[in-house]
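What follows is a set of notes on a single structure, which appears directly below.
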There are 2 protein chains.
Amino acid sequence: MAEYRAPLQDMRFLLNEVFNAPERWASMPRTAEVTPDLVDAILEEGGKIAENLFLPLNRSGDEEECQFNDGEVTTPSGFKDAYKTYAEGGWTGLGGNPEYGGQGMPKMLTVLVEEMMYAGNTSLTLYPVLSAGAALAIDTHASEELKQTYLPKLYDGTWACSMCLTEPHCGTDLGILRTKAEPQADGSYKLTGTKIFITGGEHDLTENIFHLVLAKLPDAPPGPKGISLFLVSKYLVNEDGSLGERNPVTCGSIEHKMGIKGSATCVMNFDGATGYLVGEPNRGLACMFTMMNYERLSIGLQGVGLGDISYQSAVAYAKDRLQSRSPAGPQNKDKAADPIIVHPDVRRMLLTQRAFNEGGRAFACYVGAQLDTVKFSEDDAEKKRAADLVALLTPVAKAFFTDTGLEACIIGQQVFGGHGYVREWGMEQFVRDARIAQIYEGTNGIQALDLAGRKVAGSGGKLAEPYFEDVRAWVASQQGNAAMGEFLAPLTAATDKLEETTRWLLDNAGNDPFAVGAASCDYLHLFGYAAYAWMWARIASAALAAEGGASADFYAGKLGTARFYMQRLLPRHLALAASVMAGSETLMALNEAQF
Amino acid sequence: MAEYRAPLQDMRFLLNEVFNAPERWASMPRTAEVTPDLVDAILEEGGKIAENLFLPLNRSGDEEECQFNDGEVTTPSGFKDAYKTYAEGGWTGLGGNPEYGGQGMPKMLTVLVEEMMYAGNTSLTLYPVLSAGAALAIDTHASEELKQTYLPKLYDGTWACSMCLTEPHCGTDLGILRTKAEPQADGSYKLTGTKIFITGGEHDLTENIFHLVLAKLPDAPPGPKGISLFLVSKYLVNEDGSLGERNPVTCGSIEHKMGIKGSATCVMNFDGATGYLVGEPNRGLACMFTMMNYERLSIGLQGVGLGDISYQSAVAYAKDRLQSRSPAGPQNKDKAADPIIVHPDVRRMLLTQRAFNEGGRAFACYVGAQLDTVKFSEDDAEKKRAADLVALLTPVAKAFFTDTGLEACIIGQQVFGGHGYVREWGMEQFVRDARIAQIYEGTNGIQALDLAGRKVAGSGGKLAEPYFEDVRAWVASQQGNAAMGEFLAPLTAATDKLEETTRWLLDNAGNDPFAVGAASCDYLHLFGYAAYAWMWARIASAALAAEGGASADFYAGKLGTARFYMQRLLPRHLALAASVMAGSETLMALNEAQF
């Protein structure tokens, strides 16, 4: 059965010992009040919500699924009450702007909270996470009037928000979308069109739902530069803030999916629905991209959270399930068999899950710290540098968290043998729920193109420079530490290989139009393995520096997992680099008829 | 939507051009009648069944699932009629012993037929495949009386058979099973116990079902050497062959699973059920192992078949779905976007699927040919050598087919973007259905231990020798062929690396009790990648030798995919070899509390 305890010790270790977050927060005026005590309290309470409120509804929500009836969507039993408790606790506004009722917490903290919620119940978590992303777009781009009207209700969870991008004929290629927005005399717009795959487009958790909708103005130029962003509310809002008449935006149906069955994935029909422009006309994609880095990092955490609950459940099973004997002879002589955790191949599975989960959690903190610098720092050069790092690393985080998250969930299921395939045990749901995170919020193929194309090749390699500088500087800082040699050598080798491959990519991108696309997926994975090597080296360094004491097992586990990662998983980067540098020829040689 | 055309051209190419099967069959008396015309007719008819009879029931079967009601199991609508048509066509006895009504077809042919059926409808295919495996065990080990009574009914599909091994507390570790068999005065036995995860333990497809059951005699020694095999029929069989009274073997419930929902996975209760001994007392596991090599190869094909339907569906979608422009500029100027097959990363996905599927199909033919030599050859030395190859390669086939099959299905789903996650489109079912093949019939972890431990280390490397001899001899035979250089170089490098890693394994297995288990999974994958390199080199050689003509695209596609495999997938073997040779230390260093 699923077992989950919020990984609070690891989270505190990352914030306090690996990344020195309290010092950093204390140094910026707008995060000066984020003290270690406050952070501890938030993590602890968040952990309780994930364990005691969200997790108990996870299996039942999967079996029950969302129900659709004549435009209304009913979420699974218990979701509504759990959401209410969550909202009343202030969690829906945790990272929100304090000027409109948000809690103003840094991203480095909210990523950890979100990870726990995804672990407990991904379907339920998606509703508030989407609202949080939408709030960011509104806060950054909407008029003061829209902000005053919508943000406080979003932060306190009274209302929710969905994002409406995809249409039946276009997902990745939003330039060809067809939803129209016609200007009205009063400054509003009438929106007409159909959007699909809208997470939380309709549900029963909140009294109102509004939508951030990409659409085209009548005179819009073709392609991505002709897209504008609109806010469309299910109920129009009266001047006093109360809800008015029903706006003609309706849910036509919900999808029956592989997983996240408690999350309503809606077809949304806009039939002349009243909407309000957010940001400048024809700049809608740019508005959406403002929030993408925040949102993609969050969605990536779905992979980490599900990987973690799968790991914790698999460890519990591996310690409990008796089957066969240790290769070194019976360990459990009074029983007919040993617990399967004695077997090296079972340990390989568990340590693979763990190395991915904890490497991902650390990387989320690292990227979160850059986002916080962009948002809270008062030093422009520092902000610019952090923004470059965010641009570079966000696609890595989203895609690598979710690809390794799926691998972790599949492995956890495998540890359970036949029971892993039976729904009742819960392990297979983690696989099904994790799978979508590789697809939505920009498929991982699109993330890889964003990294290799727009970010690396598009900047002539410039965006990658601060990353390599940071790694090299950190490695240099460790040189006096003899115990770190076993971690620094593989980290340096992988970083060298990533740099070599980056140069190869830059050399080839100009000559071969297919070079970037041919390299992209393997290049992103290579980046991910190299980045996790840095994370694990940093974790090892902090663990070596710690005074074990009562936590000796904790630190020994960190060092052991770091060694496992370097020796048993990091070698994958060699295959990826070779594949990238094989070029595009074998991909493009076949004509369509030859497939 | 799912698209499937039986890959008949590829199958004929493999049999006739790559493996010279007709010549081989003509040389052995018991396969002399297996002519190319007969083979063509069987493949063509088999393809029609997969496409027109099995596939139309695949999605509906998944949604409807098997239903359990008071001991009775109802299969999804249409399954019963489809099974009847299949049985009446003689397919249930295709590989069976002609002395009892089987068709006597070689394994090299039946693997291809089974692959198509799995592609069309895995759940439905499992019923007759299980019966075919059971028939082999009966034919090899049962008394003449049991054979006369049960085999003809199994071959003509009137009855079906399940295999009952797993119990709630034991799956891998059958030595600790508890089901008891008590001898009766009339030579029969009374069986008492509970078996779980019994595929096809109860259903409505046949008038009778019998079970091959592992159980312990009262005086049995402990452990795996105290297990006997029994035949237990749902209805007792009268002397005239008609069905008699109901035997107390009943289905207690069925599992609700991630996939293969049209296949009944049963809890079977034996309450003093009458059974008959098959083979010698306490030799039941050996009897089961006789059929394992046959059965494991078949179950592996589930991965190949599902990978293929996923590939074919993804190719069709990639040619149809318009989204974005080619990196080389618009290819489809009169439309708003190009088909996504223009994108190198989409091609990477499709070619990865294809390289796995067709490499696996070729490897299944190669292993099937060895099984046929064991069964039909009249040369003892040749039989012995082939049996060694079968022992070595069967775990590779089962695990690598199914691991790469899952990867292929996940990739195919990814090509569909959001639609891949929606049940209606069918792609996610292939993922769910493929997942079980890595777990049942011995988990892939157990296959890896079988390969690295029992087969390679256990024989001091002797079992691996004929494999390396065959590869080296084949490479030598190609040396005059300059066009083959680009394929022989990576094949030789991967084979060298596999030999080096094998030596490492042999050197370490004696000193470190954990060396085999620590290496096993990565070693099996390394073996798989090296073996597929051989298959792709053989395919390339046959394609180069062919007179293109009307099939020029077919052969060009083969060469292109072979190049892709060598340059873009085979590099993975480098990472696997490095991981194996990192040894067991990082796996075993942590104590249980540190997980």
Original post:
What angle do you read, to the nearest 10 degrees and between 0 and 90, between the alpha-carbon axis of helix B:36-48 and the longest principal axis of chain B?
Top reply: 80 degrees
Original post:
Which value, in Å³ per residue, describes the convex hull spanned by the Cα atoms of the stretch A:328-437?
Top reply: 141 Å³
Subject >> Ratio Rg/Rh [Cα only; Rh per Kirkwood] for the stretch B:440-595 >> reply: 1.07
Original post:
Out of every Cα-Cα pair in the stretch B:116-270, what percent are more than 20 Å apart?
Top reply: 50 percent
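Taking the Cβ of A:Asn69 as the center, what net charge do the other residues with Cβ under 12 Å away carry, scoring Lys and Arg +1 and Asp and Glu -1?
Residues close to A:Asn69 contribute a combined charge of -4.
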Original post:
Quick one: Cα centre-to-centre distance for the stretch B:264-296 and the stretch B:76-122, in angstrom?
Top reply: 22 Å
**OP:** With no solvent and one equal point scatterer per Cα, compute the Debye intensity ratio I(q)/I(0) for the protein assembly as shown at 0.07, 0.08, 0.09 Å⁻¹ and report its log10, rounded to two decimals.
**Re:** -0.67, -0.88, -1.12
**OP:** May I have the extent of the alpha carbons of the stretch A:184-270 along their three principal axes, as whole Å values ordered from largest to smallest?
**Re:** 41, 38, 16
Subject >> Shape category assigned to the stretch B:409-495 from the gyration tensor of Cα positions, a/c cut at 1.5 >> reply: oblate
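Got the relative contact order for chain B handy, in percent, Cα pairs under 8 Å and 6 or more residues apart? Intermediate results must be reported in sequence, preceding the final value.
Values: 1096 pairs, mean separation 75.9, N = 595.
For chain B, the relative contact order is 13 percent.
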Subject >> Per-residue ³J(HN,Hα) for the stretch B:233-248, Karplus 6.51 cos²θ - 1.76 cosθ + 1.60, θ = phi - 60°, Hz, x for Gly and Pro >> reply: 9, 4, 10, 5, 9, 6, 4, 7, x, 6, 7, x, 6, 6, 8, x
Subject >> Computed over the stretch B:203-247, Kirkwood Rh from alpha-carbon pairs, angstrom >> reply: 12.4 Å
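Counting only other chains, and only Cβ atoms inside 10 Å, what mean value do you get across the residues of A:421-427?
Going residue by residue through A:421-427 and averaging, the value is 4.
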Subject >> Karplus-derived HN-Hα couplings along the stretch A:574-591 (A = 6.51, B = -1.76, C = 1.60, θ = phi - 60°), whole Hz, x at Gly and Pro >> reply: 5, 5, 5, 5, 4, 5, 4, 7, 6, x, 9, 4, 5, 7, 9, 5, 6, 7
Original post:
Relative to the Cα centre, what is the charge dipole magnitude of chain B, using +1 at the beta carbon of each Lys and Arg, -1 at the beta carbon of each Asp and Glu, and rounding to the nearest 20 debye?
Top reply: 1360 debye
Original post:
Within straight cross-link reach of B:Lys153, meaning Cα distance under 26 Å, which lysines are found once same-chain residues fewer than 8 apart are removed?
Top reply: B:Lys48, B:Lys80, B:Lys84, B:Lys107, B:Lys190, B:Lys195, B:Lys234, B:Lys375
**OP:** Over the alpha-carbon set of the stretch A:377-446, divide Rg by the Kirkwood Rh and report the Rg/Rh ratio to two decimals.
**Re:** 1.24
Original post:
With the calculation restricted to Cα positions, what are the radius of gyration and Dmax of chain A in angstrom?
Top reply: 24.1, 84
Subject >> Ranked packing of A:105-111, A:220-226, most packed first, by mean Cβ within 10 Å >> reply: A:105-111, A:220-226
**OP:** Express in whole angstrom the spacing between the alpha-carbon centres of the stretch B:343-379 and the stretch A:325-384.
**Re:** 36 Å
**OP:** Apply the Kirkwood formula to the stretch B:1-44: the hydrodynamic radius equals the inverse of the mean of 1/r over all pairs of different alpha-carbon atoms; give it in Å with one decimal.
**Re:** 11.4 Å
Original post:
If each of A:Glu182 and B:Asn69 carries a label point 7 Å out from its Cα toward its Cβ, how far apart are those two points in nm?
Top reply: 5.5 nm
**OP:** Can you tell me the relative contact order of the stretch A:102-198? Whole percent, Cα pairs under 8 Å, sequence separation 6 or more.
**Re:** 20 percent
**OP:** Starting from one equal scatterer on each C-alpha and no solvent at all, send me the Debye-based log10 I(q)/I(0) for the stretch B:369-415 at q = 0.30 Å⁻¹, two decimals.
**Re:** -0.95
Subject >> Alpha-carbon centroids, the stretch B:170-224 and the stretch B:385-400: separation in whole Å >> reply: 28 Å
Subject >> Label geometry 7 Å along the beta-carbon vector: B:Arg423 inter-copy distances in nm >> reply: 0.8
Original post:
Relative to the other copies, what are the label-point distances for A:Arg5, with labels 7 Å from Cα along the C-beta vector, expressed in nm at one decimal and sorted shortest first?
Top reply: 5.9
**OP:** Determine the shielding of peptide B:555-562 by partner chains: average, over its residues, the number of Cβ atoms on other chains within 10 angstrom of each Cβ.
**Re:** 4
Original post:
Once amide H atoms are placed 1.01 Å from N in the peptide plane, what residues at a sequence separation of 5 or more from A:Ile209, or on another chain, have their amide H within under 5 Å of its amide H?
Top reply: A:Ala160, A:Lys234, A:Tyr235
**OP:** Tell me the label-point distance for the pair B:Glu465, A:Thr85, using the 7 Å Cα-to-Cβ offset, in nm and rounded to one decimal.
**Re:** 6.8 nm
Original post:
Kirkwood Rh, Cα Rg: Rg to Rh for the stretch A:463-511?
Top reply: 1.10
Original post:
How far is helix A:284-320 tilted, in degrees, relative to the longest principal axis of the Cα atoms in chain A, given as a value from 0 to 90 rounded to the nearest 10?
Top reply: 40 degrees
Original post:
Hey, what number do you get for chain A at 222 nm if only DSSP H runs of n ≥ 4 count, each worth -39500 (n - 2.57), divided across all residues, to the nearest 500?
Top reply: -17000 deg cm²/dmol
**OP:** Take every Cα pair under 8 Å in the stretch A:461-595 that's 6+ residues apart, average their separations, divide by the length, and report that relative contact order as a whole percent.
**Re:** 33 percent
**OP:** Determine the shielding of peptide B:318-329 by partner chains: average, over its residues, the number of Cβ atoms on other chains within 10 angstrom of each Cβ.
**Re:** 4
Original post:
In whole Å, what three semi-axes, largest first, describe the equivalent ellipsoid of the stretch A:175-214 built from its Cα gyration tensor (square root of 5 times each eigenvalue)?
Top reply: 22, 16, 6
**OP:** Using DSSP to define loop residues, name the GluC sites (Glu not before Pro) in the stretch A:377-474 whose beta-carbon has at most 10 other beta-carbon atoms within 10 Å.
**Re:** A:Glu378
**OP:** Could you give me the radius of gyration and the Dmax of the stretch A:191-349, taking only the C-alpha atoms into account and expressing both in angstrom?
**Re:** 25.4, 80
Subject >> Other-copy label distances relative to B:Asn69, 7 angstrom Cα-Cβ extension, nm >> reply: 2.5
**OP:** For the stretch B:30-177, just say rounded, prolate or oblate: build the C-alpha gyration tensor, square-root its eigenvalues into a ≥ b ≥ c, call rounded for a/c under 1.5, and beyond that prolate if a/b exceeds b/c, oblate if not.
**Re:** oblate
Original post:
Once the dipole of the stretch A:243-350 is set up with Lys and Arg at +1 and Asp and Glu at -1 on Cβ about the Cα centre, which of A:Leu277, A:Ala328, A:Gly262 lies farthest towards its positive end?
Top reply: A:Ala328
Original post:
Can you list, largest first and rounded to whole Å, the semi-axes you get for the stretch B:14-102 by taking the square root of 5 times each eigenvalue of its Cα gyration tensor?
Top reply: 35, 16, 10
Original post:
Rounded, prolate or oblate: which fits the stretch A:77-118 when a ≥ b ≥ c are the square roots of the eigenvalues of the alpha-carbon gyration tensor, with rounded for a/c under 1.5 and prolate only if a/b beats b/c?
Top reply: oblate
**OP:** For helix A:485-509, report the angle its Cα long axis makes with the longest principal axis of the Cα atoms of chain A; keep it between 0 and 90° and round to the nearest 10°.
**Re:** 40 degrees
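Every number here is computed from the coordinates shown, using simple stated rules; none is lab data. What you see is a predicted model, and the numbers here were worked out from it, not measured in a lab. Here Cβ is always computed from backbone atoms with ideal geometry, including for glycine, and neighbour counts include all displayed protein chains.
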